Amino acid sequence: MPQSRNLLRVLTRRSEGPLLLCLLAVIGFFALASDTFLSVRNITNVLGQASLAMMAGIGVAIVFISGEVDVSCGSLLAAVAIPLIVVMNATNSLALGIAAALALGGVVGVVNGFLAAYLRINSLIVTLGTLFVLRGGVYLYTGQTAIPDDAGLESFFQLGNGRLAGVLPYPAVAALVLLLVFAYVMGHRPFGRHVFAAGGNPDVARLAGYDVPRIKFAGFVVSALLATCAGIMLASRLGSAVHVAGLGFEFQVVAAVVLGGVSLSGGVGSLFGMALGVLILSFLANGLGMLDLATEWQLVVTGAIIIAAVSFDEFKRRQKL
Amino acid sequence: MASSSQIQPQPGAGRIAAAMAGQPQAVLIVLLLLLCGAISLAAAQFYSLANIIAILRQSALVLIVAAGMTTLLIGGEVDLSVGASLAFTGCVAMDATNRSGSVPVGALAALAFAGAVGLFNGLVVTRLRVNSLIATIATMMILQGGVYLYTREAVQNQHHLAAFTGIGAGYLGAFPIPVLLAAAVFAAVYIALRHTLFGRYTYALGANPIAARLSGLRVRRLKLAGFVITGLLVGVTGLILCSLMNAGQPTAGRGFELTVIAAVILGGTSLAGGRGSLIGTLLGVLVLKVIDNGIIILRWNQDFQMVVPGVVIVAATWLDTVRVRRRAV
């Protein structure tokens, strides 16, 4: 049928095609292997779990595309929960708590961006430094315990645990909206063009009149603010500021972003690819859990799948050349 | 250094700064001296023999793996699986020694396991052409999951062999054995990088992989060698660590990969490949471990052990960036 052939062509031509097929294969496999996998409840649960990595992944993907690296999101996730909970406990206001969290996230983004983009310190080092400093700061401030939410606001609880129309978790809604907004910005607004230009070839971008440091700086700030959003959602789910929250989260996000076809050398990638990468890893983790496999197997299989997917992608790319 | 003679002498203190700018490790040496001076002023026991040995022993663990990581980074690759591999190797070493009652068998098992991990990483990167950052994150996940499938809890020492304990805690003459092992590894890797074709090719490969391939270097084999060397050195460290802890801990080595990479990069090795030195790595390790030790001696909250190195890495890299740029002008 011509229509289905068209669809197939679109699938294989777009860079996200193989990823989408991979996602469908994962979902198909677990739908057959487990009775409960393909329920609305389970699918929406996975979307809720995927939303944290999705939000942070948007920012990390933008920073990667701009030719830099951001690995600070794991500690940031734990750090922003502290001002959120502390301010909320003191003022009984969710809005003030969120403002405080975003303020901290913004400051971290500005520091990362200033050091990496303007002082031109290698961004892996800068954000590795931020990862250390923030985690250490969280431990120092909390004395290595969780800070409970004493305000007990219903709105705060709903933020991470509520569902739109009783179906789709709010974090998933937020991630989806952010994904669409940023995909539009990256694909159809000057900012997106600037980011791709800065990452693709910084010298040419500079000669073409783009302010490369400013573009990269903006990328870091956006990334930190998006990780803050993820941190707020996580704090709501946990009902407290947990000092060990987000340990190793940066690895998950980087793995999903790279799996999604975002190049580590800058200038290449799409946010939809990143989103598919996140979804593949999330459905995989969920499905393996449903098969009653030991949770350790999830890590092993996920690692193997990442290697398989990236090497397959690389193989396809070389064949095309 | 040829380039240092090109710097115009500047009046006064600027001259010292200019001379320093020609020395690649100047910033780190000054930093190390300042740190030692400041800590010993605040706490005299810093210079006690016991404390110096403690610092050296801690440094040895990081330095052995960092030597391999330096080789890898110079060749343009990276290995994030070393922390997870370290923990797994420790469990394997203790288990093998328990079962066989023989230290050499345990040591061989550790080296074989960690070497195989390195080989796996190398094959995935060179044959399947997976970017090494993502490939070794995947290996890290596989190992973290795998170690819990292998053992749920710490593998305890059931053999009580004195020789096994000696690997971590023993002395040869006045020197702790881990420090001697680190010194031997350091010397071997230093010679390999500076005075052999392997080293020269590794630098060439990292600086420009395409040119290296076109000039007939066996790029894949070189990279594979870097991963296997790093793997084997993780094996050595895993053995020492499990001897020191007197158990194979599946949770050991968490975050170790970040410490190693921080030390190597602090030492001036470029992430882009082609540039770096093992002397720098040694200084980087010492700076991080002196800071760790200072925090303990000064009785600061130990959580500062994460904060201070984070700041130091960024600051030292910034100073290095400024130094390189000024020299380039």
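The values are calculated or read from the model by the stated rules, or taken from the named source; none is laboratory data. It should be emphasised that the depicted structure is a prediction, and the values quoted were computed from it without experimental measurement. FYI the Cβ positions are ideal-geometry reconstructions off the backbone, even for glycines, and counts take in every protein chain you see.
Overview of results
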| quantity | calculated |
| --- | --- |
| Residue check, A:GLY231 modelled with pLDDT of 85 or more and crowded, with 23+ Cβ neighbours inside 10 Å | yes |
| Unique match (being part of a helix (DSSP H, G or I), in contact with a helix residue (DSSP H, G or I) (Cβ under 9 Å, 6 or more places away or on another chain) and hydrophobic (A, V, I, L, M, F, W, C)) among A:VAL222, A:VAL244 | A:VAL222 |
| Set A:MET274, A:MET290: member being under 27 Å from A:VAL107 (Cα atoms) and either more than 13 Å from every other protein chain (Cβ to nearest Cβ) or in contact with a Lys or Arg (Cβ under 7 Å, 6 or more places away or on another chain) (or both) | A:MET274 |
| Those residues of the range B:292-307 which are within 14 Å of chain A (Cβ to nearest Cβ) and either in contact with a Phe, Trp or Tyr (Cβ under 9 Å, 6 or more places away or on another chain) or without any contact (Cβ under 8 Å) to a residue 60 or more places away in the chain (or both), in sequence order | B:ILE295, B:TRP300, B:ASN301, B:GLN302, B:ASP303, B:PHE304, B:GLN305, B:MET306, B:VAL307 |
| Test: A:LEU115 is at negative phi, more than 21 Å from the chain's Cα centre (by Cα) and without any contact (Cβ under 8 Å) to a residue 24 or more places away in the chain | yes |
| Test: residue in the range B:272-288 that is facing another protein chain (nearest Cβ under 9 Å), at pLDDT below 85 and out of contact with any Phe, Trp or Tyr (no Cβ under 6 Å at 6 or more places or on another chain) | yes |
| Residue count, the range B:264-317 (criterion: of a type in the set (A, V, I, L, M, F, W, C) and farther than 15 Å from A:ILE125 by Cα) | 15 |
| Single residue of A:GLY187, A:GLY160, A:GLY166 found to be modelled with pLDDT under 90 and part of a helix (DSSP H, G or I) | A:GLY160 |
| Candidate set from the range A:120-170 (those that are away from chain B (no Cβ under 14 Å) and among the small types (Gly, Ala, Ser)); member that is nearest to A:MET233 (Cα to Cα) | A:GLY160 |
| Subset tally (residues that are surrounded by 22 or more Cβ atoms within 10 Å (Cβ to Cβ), more than 13 Å from A:LEU76 (Cβ to Cβ) and more than 9 Å from every other protein chain (Cβ to nearest Cβ)) for the range A:110-119 | 3 |
| Qualifying residues in the range B:205-218 (those that are in a helix (DSSP H, G or I) and without any contact (Cβ under 8 Å) to a residue 40 or more places away in the chain) - the one farthest from B:ALA67 (Cα to Cα) | B:LEU214 |
| Single residue of the range B:312-326 satisfying the filter (among the β-branched types (Val, Ile, Thr) and over 19 Å from the mean Cα position of the chain (by Cα)) that is nearest to the other protein chains (Cβ to nearest Cβ) | B:THR321 |
| Selection from the range B:314-328 of residues that are in contact with a helix residue (DSSP H, G or I) (Cβ under 6 Å, 6 or more places away or on another chain) and modelled with pLDDT of 80 or more | B:VAL314 |
| Which listed residue is without any contact (Cβ under 8 Å) to a residue 24 or more places away in the chain, under 21 Å from A:PHE251 (Cβ atoms) and out of contact with any Lys or Arg (no Cβ under 8 Å at 6 or more places or on another chain), from B:GLY253, B:GLY310, B:GLY231 | B:GLY310 |
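Conditions tested, residue by residue: (1) surrounded by fewer than 22 Cβ atoms within 10 Å (Cβ to Cβ); (2) in contact (Cβ under 8 Å) with a residue 24 or more places away in the chain.
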residue	(1), (2)
A:GLY209	yes, no
A:LEU226	no, yes
A:PHE251	yes, yes
A:VAL254	no, yes
